[in-house]
Amino acid sequence: MTTTEPALRHRKLVTEIPGPASRELQARRAGVVAAGVSSVLPVYVASAEGGLLTDVDGNTLIDFGSGIAVTNVGHNVPAVVDRVREQVGKFTHTCFMIAPYEGYIEVCEALAELTPGDHEKRSVLFNSGAEAVENAVKIARVATGRQAVVVFDHAYHGRTNLTMALTAKSVPYKHGFGPFAPEVYRVPGSYPFRDGLSGAEAAAVAIDRIEKQIGGDQVAAVVIEPIQGEGGFIEPAPGFLPALSAWCTANGVVFVADEVQTGFCRTGEWFASSHEDVVPDLIATAKGIAGGLPLAAVTGRAELVDAVPAGGLGGTYGGNPVACAAALGSIETMRTQNLAESARRIHDIVVPRLRALAERTGVIGDVRGRGAMLAAEFVKPGTNEPDAALTSRVAKACHAAGVVVLTCGTYGNIVRLLPPLSLSDELLDEGLSVLEHAVLTEVSL
Ligand code: PLZ
């Protein structure tokens with residue numbers, strides 16, 4: 001056993017939300033923590049287990065956010081915690097660039113096996129999703145000798161200087177933080193609910209834009225989220241990703257899948273690219289890979305990754321041994337519990353409930369998602385005009401009732417659900433009932 005506390009099994013509110021201990025921490029925070037970092041929840045966490053968070057006042061909340069698609073295996077699972085404890089007892093850091101260790105190799109072996117495609121692969125490990133995406137671009141530029149990078153409307157790739165440039169939305173991610181890295185070109189993607197285009201049509205628009213405005217032979221990489229995350233849980237129309245991938249192959253362009261949010265069983269496959277049999281040249285992963293510890297990776301075709309000479313890739317902490325131990329525990333849990341299957345089960349429970357809610361209320365214009373990456377897009381009834389105010393009220397009502405839901409979207413009008421894949425049907429049902437009640441209550445105001 002990894003904890004001496006009795007196992008938590010239920011949502012339970014014992015104070016108002018936030019309670020007095022959380023309010024006290026909030027006041028302390030205001031005096032020392034940068035205003036620029038904000039928090040979704042008004043409560044402070046004391047412990048977490050499975051799909052539940054317990055706050056400093058003793059309230060227990062259902063977690064439909066998984067720390068933004070990180071704790072896919074659930075909080076505090078034994079396979080992760082035990083391996084981390086064991087590794088911490090041995091050594092916590094040597095720097096893989098100084099004195100290497102086996103865990104790093106084991107993680108790269110797992111990545112070679114689990115990522116799409118049976119070609120020869122190489123991986124390099126980092127700390128965050130942004131760092132992985134940025135390094136994928138570095139590799140693509142060296143491998144192709146080209147500079148231009150193509151990204152899409154509604155894209156999110158991180159907050160470093162290069163990844164801010166790759167990210168679409170200005171406020172809050174980019175506003176005031178320029179100048180941004182050059183040679184980044186944005187083209188339209190595929191957003192079936194809003195553009196009404198088939199995958200082939202949307203790909204033709206994007207490819208035409210690339211060829212006319214950049215030139216295919218200038219492009220090092222096309223960087224794309226197979227399902228866009230922060231931009232609104234946007235599933236491209238079928239055929240869009242395969243068409244882009246084929247165009248990349250035909251033009252010597254590196255197809256980079258940013259699977260930072262979609263990876264590691266979240267969408268019902270190990271990686272979302274597999275839903276349409278797309279085999280990325282490079283794949284950036286992070287978040288779910290290590291069950292909560294900071295780890296990220298770029299995995300890809302050996303000839304591309306190895307185009308960078310020795311010493312060209314690295315960083316002090318990349319592939320930290322404790323994070324690698326957590327990743328091995330997390331991957332083992334996904335395998336033994338078949339969490340890809342669990343994600344599909346969650347989908348089949350949630351989608352009909354959201355569709356029924358959409359029909360009943362008229363304020364949800366689109367219900368979408370794959371596996372346990374699910375969204376409801378809120379609109380003004382009878383239109384597809386985004387309703388960010390209602391979205392925010394619904395999310396706050398859920399928080400007050402003890403269910404953690406997150407919002408997203410270029411227009412701030414998406415409620416997204418990212419439950420741990422191990423969540424029980426009972427907690428899923430209870431959380432959904434809270435969400436339904438919140439929507440019905442807010443709509444009737
Ligand atoms: N690529 C597809 O979703 C991180 C960001 C939250 P890091 N998404 C959550 C926020 O407001 O900062 C993300 C992603 C995709 C890259 C990233 C960046 O991953 O680990 O946050 O750097």
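So the values come out like this:
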| quantity | calculated |
| --- | --- |
| Set V40, V70: member being touching a strand residue (DSSP E or B) at 6+ places or on another chain (Cβ under 7 Å), within 16 Å of the ligand (Cβ to nearest atom), within 30 Å of E259 (Cα to Cα) and modelled with pLDDT of 95 or more | V40 |
| Considering residues of region 4-60 that are surrounded by 17 or more Cβ atoms within 10 Å (Cβ to Cβ) and of a type in the set (D, E) only, the residue nearest to V80 (Cα to Cα) | E49 |
| Of all residues making up region 71-102, the number that are among the small types (G, A, S), in a loop (DSSP other than H, G, I, E, B) and surrounded by 14 or more Cβ atoms within 10 Å (Cβ to Cβ) | 1 |
| Residue among A246, A257 that is buried (at least 24 other Cβ atoms within 10 Å of the Cβ) and either assigned to a helix (DSSP H, G or I) or out of contact with any Cys (no Cβ under 6 Å at 6 or more places or on another chain) (or both) | A257 |
| Helices (runs of 4 or more DSSP H) enclosed by region 288-399 - at least 1 residues per element that are within 25 Å of M97 (Cβ to Cβ) | 302-305, 321-336 |
| Failed condition for A200, given (1) within 13 Å of the ligand (Cβ to nearest atom); (2) open to solvent by 40 Å² or more (accessible area, probe 1.4 Å); (3) within 18 Å of F255 (Cα to Cα) | (1) |
| Identity of the residue in region 260-277, hydrophobic (A, V, I, L, M, F, W, C) and in contact with a strand residue (DSSP E or B) (Cβ under 8 Å, 6 or more places away or on another chain), that ends up surrounded by the most Cβ atoms within 10 Å (Cβ to Cβ) | F264 |
| Subset of region 106-133 (residues that are over 19 Å from E332 (Cα atoms) and within 16 Å of the ligand (Cβ to nearest atom)) | V124, F126, N127, S128, G129, A130, E131, A132, V133 |
| Criterion: touching a Lys or Arg at 6+ places or on another chain (Cβ under 7 Å) and not assigned by TED's automatic domain parsing to the domain that holds A343 - qualifying residue of A112, A99, A69 | A112 |
| Out of H119, H93, sole residue that is over 28 Å from S392 (Cβ atoms) and touching a Phe, Trp or Tyr at 6+ places or on another chain (Cβ under 8 Å) | H93 |
| Matching option when the condition is closer than 14 Å to T299 by Cα and buried (at least 21 other Cβ atoms within 10 Å of the Cβ), among I105, I139 | I139 |
| Single residue of I68, I105, I62 found to be hydrophobic (A, V, I, L, M, F, W, C), farther than 30 Å from K12 by Cα, out of contact with any His (no Cβ under 8 Å at 6 or more places or on another chain) and not in a loop (DSSP other than H, G, I, E, B) | I105 |
| Selection count where residues are closer than 16 Å to S245 by Cα, touching a residue at least 40 places away in the same chain (Cβ under 8 Å) and among the aliphatic types (A, V, I, L, M), scope region 164-216 | 5 |
| Any chance A165 is open to solvent by less than 40 Å² (accessible area, probe 1.4 Å), assigned to a loop (DSSP other than H, G, I, E, B) and either within 18 Å of F264 (Cβ to Cβ) or within 16 Å of the ligand (Cβ to nearest atom) (or both) | no |
| Test for A221: is it open to solvent by less than 30 Å² (accessible area, probe 1.4 Å), touching a strand residue (DSSP E or B) at 6+ places or on another chain (Cβ under 6 Å), among the hydrophobic types (A, V, I, L, M, F, W, C) and not assigned by TED's automatic domain parsing to the domain that holds G412 | yes |
| Some residue of region 426-445 being assigned to a loop (DSSP other than H, G, I, E, B), over 17 Å from F233 (Cα atoms), aliphatic (A, V, I, L, M) and open to solvent by 30 Å² or more (accessible area, probe 1.4 Å) | yes |
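The values are calculated or read from the model by the stated rules, or taken from the named source; none is laboratory data. Quantities reported herein were computed from a predicted structural model and do not represent experimental measurements. Backbone-built Cβ (ideal geometry, glycine too); neighbour counts: all protein chains shown. Heads up: the accessible areas ignore ligands, DNA and RNA and are worked out on the full protein's heavy atoms, side chains in. Shrake-Rupley method; radii C 1.70, N 1.55, O 1.52, S 1.80 Å.
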